[in-house]
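Structure first, commentary second.
The values are calculated or read from the model by the stated rules, or taken from the named source; none is laboratory data. Everything quoted here is computed from the prediction, not taken from an experiment. Using ideal geometry, Cβ is built from the backbone for each residue, glycine included, and neighbour counts are taken over all protein chains shown. We work out accessible area using only protein heavy atoms, side chains counted, and drop any ligands, DNA or RNA first. Shrake-Rupley method; radii C 1.70, N 1.55, O 1.52, S 1.80 Å.
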Amino acid sequence: MEKVNVTVRLDADTIAFLDQLVHSQDRDRSYLIKQAVANFVELHRWQIEEIKKALAEADAGDFATDKEVAAMFSELRR
């Protein structure tokens with residue numbers, strides 16, 4: 001996959017803390033920033049996929065019954 005350079009401006013406090021992480025994890029800034037972006041993208045990709053699945057279920061009329069909802073809330077209260 002082709003790599004593309006991206007420039008990001010961060011505040012000094014963020015960079016200072018990032019540098020602490022760099023030293024404690026024995027990694028460089030670039031590695032930690034790439035990991036942070038990858039985690040962010042993965043989370044949002046997962047959320048979008050789950051929303052699409054839920055919308056498909058709703059469009060198909062696949063809803064929980066009142067009894068199923070009551071049972072779930074009963075379980076959560078324990």
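Would you mind stating whether R27 is surrounded by 10 or more Cβ atoms within 10 Å (Cβ to Cβ) and assigned to a loop (DSSP other than H, G, I, E, B)?
Details: surrounded by 10 or more Cβ atoms within 10 Å (Cβ to Cβ): yes; assigned to a loop (DSSP other than H, G, I, E, B): yes.
Yes: the conditions hold for R27.
Could you look through region 34-67, keep only residues that are among the aliphatic types (A, V, I, L, M) and either more than 24 Å from L10 (Cα to Cα) or at pLDDT below 95 (or both), and pick out the one that is least open to solvent (accessible area, probe 1.4 Å)? Before the answer, list the steps.
Let us first name the residues in region 34-67 that are among the aliphatic types (A, V, I, L, M), namely 36-38, 41, 43, 48, 51, 54-56, 58, 60, 64.
Now drop any that are not either more than 24 Å from L10 (Cα to Cα) or at pLDDT below 95 (or both), which leaves 48, 51, 54-56, 58, 60, 64.
Numbers: I48: 92, I51: 98, A54: 55, L55: 101, A56: 59, A58: 39, A60: 83, A64: 64 Å².
Here the residue is A58.
Filter region 1-23 down to the residues that are open to solvent by less than 90 Å² (accessible area, probe 1.4 Å) and in a helix (DSSP H, G or I) and list them by number.
Applying the first criterion (open to solvent by less than 90 Å² (accessible area, probe 1.4 Å)) to region 1-23 yields 10-12, 14-16, 18-19, 21-22.
Matches in region 1-23: A12, T14, I15, A16, L18, D19, L21, V22.
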